[in-house]
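J.: The structure is given below, and queries will be raised subsequently.
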């Protein structure tokens, strides 16, 4: 028997209900709904009504502002004065984990009531003159639920307990299949090509047997693009010329610059040297595929996954920061331009932000760096990039080699059907059907499960119990166990795995990507203490198997063998690809001859307002405020500072050890627009922007390491050509600065294919992230202007090209010359900025990026709550590389996006001369108390007015 | 002897390390203790003088914030807590999620374990919010924890989604009459405010935090433990932030339990 408790908030605003009502009025323009109220519903199974009453009173409701009913019909629970209402209940689908359930069962137990099962959901009462079908339409239109994981409750459930027999083990007669049948088997399930399928066929022919479903799935997972990185490992023929595999080029160059490397390319994150016997590590991942179809769950599991990569570095690192970088279509994209099967950008952005918020905040990991970018071609698939950073004592930074008889233990969450085929799915392209056929690839994260697991693992690490920790990410057990067992071989019995519910087939258990699970390897003598620590933190653990020296992957389900694969074949049987790359389209030069220059003050201000309100430039503060960016108390340079705490900064500076003054700086850079126009210079721009952000707060680039993420369309010849150019750019960048890439990831499936044959390639995007160390966090600066009467200087050499800039975008100009950066000069510029900050002569500093010089100056004025007086009279010589600086080219200077250039505030001209004697710089003018940006002879604009347009877009969306 | 501080942790607690650090630099001997260690008896509340309940999302803040941990405490430690608060040289500090737990156990405001009198509910904005705000000590509250903090505007960070202080009229009056309000959200002139975002959640009477009638139990939404070094303030580089304004609270608490007689 199920007891149904309804709880309604009766004092104070009904935030959920009011929010929905507001959306109905604002977004749908439907006026005949007068009120929406939200009622929380709890179903409690296996207890008496008397017990339900105790729980309702003590646990589920609070008498101060709520009231509850038990087993009433919906009609009774609503206020009598209002009769006309339509009730819609939205609940998780059976089998989708509801994170609240564990807590309810625990608290009931604490109150002395054994509760066998329960669930919670929301009931919405819509008041007004509408029929049920009309209300259901509204619910669909507002996407109040995601049909992948939630449903509208039509019939009362009879039980909440999922039952089932273990699924069957199937054998696939692969040996007898012809080519077409092999293709059919692969399609939509295995995502392997014919050559790979044939290789598998050969293997089993030699073994004289057919594979089980588990074996085939394991191979497909291990050989997927997601896990196998086939493109990065392939031999390349670029325009007919043979080139080394991409990954080899990156590794070779990176390892030349190993001064600070603790571990690179071998672990779940890259580790660099820090102070006090510590290393710091970083990992950045994309989570595009799940986020495209269920943005909330997708963003959550993206965060959860990348945090686990940090926790699974060496013997376990502690997460200390998180970054989030998103690319969407413009919010005002007309619905008619949205491809079939794709979700609107506003919905995606809001839900992704909520997912990051709810996971990161609950984990207690500060989210303090990120950005949002908009481009029309992200309409088919967003790019969601999540990064995590950690600290680890160097003695625990490297995994031990497992020994024979070492135990393989699964800790954390239970295994369910969720996330199955995530790794293979994310390697596939998005189609109009993606939304419906891959629903099991999506799940809801449970941050608390992960948090307590991390707490336990760090304690076990500090007692030196652990040989290694491995994440159960894409591919689940099959990937984690397959990887760690590669050299020795393992025997596991997956019947030991703790399940969320019965009914899973062995292959589902082995492939499940249920979140919040990790694999730990222990010497058997440490098992007891390890289990005690897990118990202390309420973490479940179970022994799955051991290392056996067989060089095989042996998987049992109880007594039954369900998989027996050669490790050699699993890991090295994948045929190496030779891929062709060629430049397909010859680039038509779309240079404009004359710079477009606003002709009057009015025009200047108009275009400036357009630039500042552009999605890529506007203030993201309302998003940052939703993230707990202060937890852990480590943040010595925060995302926003200044007189009104609304001036943005370039990078956070953290003090991961509270009692020590040494710190860590994190930054990133990317520009999908530049990348799309010019893969080489766009990539150089991204890397320069990332490192400039690092330097702008006081970092020494020599103590920085890089992380590279390539988010590319499916690598056809043309996209592979641009990918090759991008990798060349990263290699050249490492060469110039003598610093390494220590971690990275590729996601090469950003192509959309519509049912009508239409193809949309998402802009290729290189995201470079930077982590580095600084001896003293006090020797850093923020971007807010500090004093009245200081001198404002533009440091570095600007390129005259504005192709792809926001200025060109708002003027609807399509040109193909992106800013090129003088890489020879750049190290000198970085050195000068670093020294000027370290010795206290630079009072504030901001790097030039999207929106250009004037936007950087504007943001500094916002922080200082002041203005600047700019005089360009003296700027007549060739300050722009490749161009002349005449009065008609002022717009080319002010909207210039050559990154690697900085706006700095110094005391006076003398200081500038001394600091920047070896590099180009332009004295722009002086700071002034009046909050006005005054560009002599051109325009004068009030900062508060500009601030309003700059803040408006995100304010409207997030408050 | 340094006073012993028990920083209580449960699944999802996350500002425990900062809390322990703040008490440590204020002269306390902090230990982070999981609630399961109290339940299995390996750690005993009676061995401690200060109980600190840090921020975070204990048990995910499921149902409502702090509820599940509050039920656990009142179900298993009613007597121990009663004895603890009866010792006159003890102190309890609950910050953010810890404050939410304290009101749900009934320890605040009237020391009635198991009787909830006030609540902290969803911010009026409807969402989680992380920002620096200004508070002022209610100088009528004579808790020793607040001494010499009442002459200035204090900057502290908040990071919560459920921080709106509510109570029915009668209880609110009682709280005011007995001067149990510890801090209020203020504007730049130091006046209590109901304006967003200075008052970030819509708390009645601009209430930031309250004490019990003895002044030995304090709960508050902002995080003093995140302002114990000058560099933690976003504007320390602008020159007008000269001291960490969260630290005196911890020093006062440590000093109080050191000096007080049992």
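The values are calculated or read from the model by the stated rules, or taken from the named source; none is laboratory data. The shown structure was predicted, so the numbers you read here are calculated from the model rather than taken from an experiment. All Cβ positions, even for glycine, are placed from backbone atoms using ideal geometry, and neighbour counts span all protein chains on display.
J.: Is one or more of the residues making up the range A:478-498 buried (at least 19 other Cβ atoms within 10 Å of the Cβ), in contact (Cβ under 8 Å) with a residue 40 or more places away in the chain, assigned to a loop (DSSP other than H, G, I, E, B) and within 14 Å of another protein chain (Cβ to nearest Cβ)?
T.: Scanning the range A:478-498, I find no residue that is buried (at least 19 other Cβ atoms within 10 Å of the Cβ), in contact (Cβ under 8 Å) with a residue 40 or more places away in the chain, assigned to a loop (DSSP other than H, G, I, E, B) and within 14 Å of another protein chain (Cβ to nearest Cβ), so the answer is no.
J.: Please find, among B:87, B:111, the residue that is surrounded by fewer than 24 Cβ atoms within 10 Å (Cβ to Cβ) and within 18 Å of the chain's Cα centre (by Cα).
T.: B:111
J.: Now, a different point. Can you find a residue that is surrounded by 17 or more Cβ atoms within 10 Å (Cβ to Cβ), away from every other protein chain (no Cβ under 13 Å), closer than 21 Å to residue B:205 by Cβ and touching a strand residue (DSSP E or B) at 6+ places or on another chain (Cβ under 6 Å) anywhere in the range B:114-135?
T.: yes
J.: Sticking with this structure for a sec: Tell me, which helices (runs of 4 or more DSSP H) wholly within the range A:1-111 include 2 or more residues that are within 38 Å of the chain's Cα centre (by Cα), at pLDDT 90 or above and over 21 Å from residue B:62 (Cβ atoms)?
T.: Output list reads A:15-27.
J.: Now for a separate question. Assess whether residue B:71 counts as being crowded, with 19+ Cβ neighbours inside 10 Å and at the interface with chain A (Cβ under 9 Å from one of its Cβ atoms). Steps first, answer last, please.
T.: Details: crowded, with 19+ Cβ neighbours inside 10 Å: yes; at the interface with chain A (Cβ under 9 Å from one of its Cβ atoms): yes.
So residue B:71 fits the description; yes.
J.: Which of (1) more than 14 Å from every other protein chain (Cβ to nearest Cβ); (2) out of contact with any strand residue (DSSP E or B) (no Cβ under 8 Å at 6 or more places or on another chain); (3) modelled with pLDDT under 95 does residue A:936 not meet, given it meets every other one?
T.: Failing condition for residue A:936: (2).
J.: Of (1) within 24 Å of the chain's Cα centre (by Cα); (2) free of Cβ contacts under 8 Å to residues at least 24 places away in the same chain, residue A:675 satisfies all except one. Which?
T.: (2)
J.: Tell me which residues, restricted to the range B:229-261, are more than 13 Å from every other protein chain (Cβ to nearest Cβ), surrounded by fewer than 19 Cβ atoms within 10 Å (Cβ to Cβ), touching a residue at least 40 places away in the same chain (Cβ under 8 Å) and not in a helix (DSSP H, G or I).
T.: B:260, B:261
J.: Still on this model: Quick test of your reading of the structure: residue B:60 fulfils all but one of (1) over 28 Å from residue B:186 (Cα atoms); (2) facing chain A (nearest Cβ under 9 Å); (3) buried (at least 23 other Cβ atoms within 10 Å of the Cβ). Name the failing condition by number.
T.: Of everything listed in (1) over 28 Å from residue B:186 (Cα atoms); (2) facing chain A (nearest Cβ under 9 Å); (3) buried (at least 23 other Cβ atoms within 10 Å of the Cβ), residue B:60 misses just condition (3).
J.: Okay, moving on. Name the single residue that is farthest from residue A:450 (Cα to Cα) among those in the range B:1-53 being within 10 Å of chain A (Cβ to nearest Cβ) and in a loop (DSSP other than H, G, I, E, B).
T.: Of everything passing the filter in the range B:1-53, B:42 is farthest from residue A:450 (Cα to Cα).
J.: What tally of residues in the range B:209-228 results from selecting those that are within 14 Å of another protein chain (Cβ to nearest Cβ) and under 13 Å from the mean Cα position of the chain (by Cα)?
T.: Selection size over the range B:209-228: 6.
J.: Keeping to the range A:658-689, report how many residues are under 20 Å from residue A:774 (Cβ atoms) and out of contact with any helix residue (DSSP H, G or I) (no Cβ under 6 Å at 6 or more places or on another chain).
T.: Of the residues in that region, 9 qualify.
J.: Here is a list of conditions, (1) away from chain B (no Cβ under 14 Å); (2) in contact with a helix residue (DSSP H, G or I) (Cβ under 6 Å, 6 or more places away or on another chain); (3) crowded, with 18+ Cβ neighbours inside 10 Å, and residue A:333 meets all of them except one; can you say which number that is?
T.: Result: residue A:333 passes all but (3).
J.: OK, next. In the range A:609-648, what residues are touching a strand residue (DSSP E or B) at 6+ places or on another chain (Cβ under 8 Å), closer than 23 Å to residue A:844 by Cα and either modelled with pLDDT under 95 or not in a loop (DSSP other than H, G, I, E, B) (or both)?
T.: A:621, A:624, A:635, A:636, A:637, A:640, A:641, A:647, A:648
J.: Please enumerate the residues belonging to the range A:90-112 that are crowded, with 17+ Cβ neighbours inside 10 Å and away from chain B (no Cβ under 11 Å).
T.: A:90, A:91, A:92, A:96, A:97
J.: Quick one: which residue in A:781, A:727, A:770 is in a strand (DSSP E or B), at pLDDT 95 or above, touching a helix residue (DSSP H, G or I) at 6+ places or on another chain (Cβ under 7 Å) and surrounded by 24 or more Cβ atoms within 10 Å (Cβ to Cβ)?
T.: On inspection, the qualifying residue turns out to be A:770.
J.: Hey, residue B:214 hits all of (1) closer than 22 Å to residue B:250 by Cβ; (2) part of a strand (DSSP E or B) but one; which does it fall short on?
T.: Looking at each condition in turn, residue B:214 falls short on (2).
J.: Go through the range A:180-236 and count every residue that is touching a strand residue (DSSP E or B) at 6+ places or on another chain (Cβ under 6 Å) and closer than 20 Å to residue A:563 by Cα.
T.: 4
J.: Does the range A:225-282 hold any residues that are part of a strand (DSSP E or B) and closer than 20 Å to residue A:774 by Cβ, and which are they?
T.: If the condition is that a residue be part of a strand (DSSP E or B) and closer than 20 Å to residue A:774 by Cβ, then A:261, A:262, A:270, A:271, A:272, A:273, A:278, A:279, A:280, A:281, A:282 are the ones that fit.
J.: What pairs can you find where one residue is in the range B:126-145 and at positive phi, the other is assigned to a loop (DSSP other than H, G, I, E, B) and modelled with pLDDT of 95 or more, and their Cβ atoms are less than 9 Å apart, with a gap of 6+ or different chains?
T.: Pairs found: B:126/B:161.
J.: Next question, about the same structure. Before we move on, is residue A:535 under 34 Å from the mean Cα position of the chain (by Cα) and without any contact (Cβ under 8 Å) to a residue 60 or more places away in the chain?
T.: Yes.
J.: Given the options A:549, A:558, A:563, name the one that is farther than 30 Å from residue A:236 by Cβ, crowded, with 23+ Cβ neighbours inside 10 Å and over 33 Å from the mean Cα position of the chain (by Cα).
T.: A:563
J.: Can you list the strands (runs of 3 or more DSSP E) found entirely within the range B:87-199 that contain at least 1 residues being in contact with a helix residue (DSSP H, G or I) (Cβ under 7 Å, 6 or more places away or on another chain) and more than 23 Å from residue A:362 (Cα to Cα)?
T.: Values: elements: B:91-95, B:119-121, B:129-137, B:154-160, B:164-166, B:181-185.
Ranges flagged: B:91-95, B:129-137, B:164-166, B:181-185.
J.: Test of understanding: among A:413, A:390, A:364, A:370, which residue is within 30 Å of residue A:220 (Cα to Cα) and either crowded, with 23+ Cβ neighbours inside 10 Å or under 23 Å from the mean Cα position of the chain (by Cα) (or both)?
T.: Testing whether each residue is within 30 Å of residue A:220 (Cα to Cα) and either crowded, with 23+ Cβ neighbours inside 10 Å or under 23 Å from the mean Cα position of the chain (by Cα) (or both) leaves just A:413.
J.: Within the range A:262-291, which residues are farther than 30 Å from residue A:252 by Cβ and either crowded, with 24+ Cβ neighbours inside 10 Å or free of Cβ contacts under 8 Å to residues at least 60 places away in the same chain (or both)?
T.: Selection gives A:289, A:290, A:291.
J.: Still on this structure, I have one more. When the residues of the range A:115-125 are narrowed to those that are more than 14 Å from every other protein chain (Cβ to nearest Cβ) and over 26 Å from residue A:15 (Cβ atoms), which ends up farthest from the chain's Cα centre (by Cα)?
T.: Here the answer is A:116.
J.: Mind listing whichever residues of the range A:320-330 are over 14 Å from the mean Cα position of the chain (by Cα) and either surrounded by 23 or more Cβ atoms within 10 Å (Cβ to Cβ) or closer than 20 Å to residue A:629 by Cβ (or both)?
T.: Within the range A:320-330, A:320, A:329 meet the criteria.
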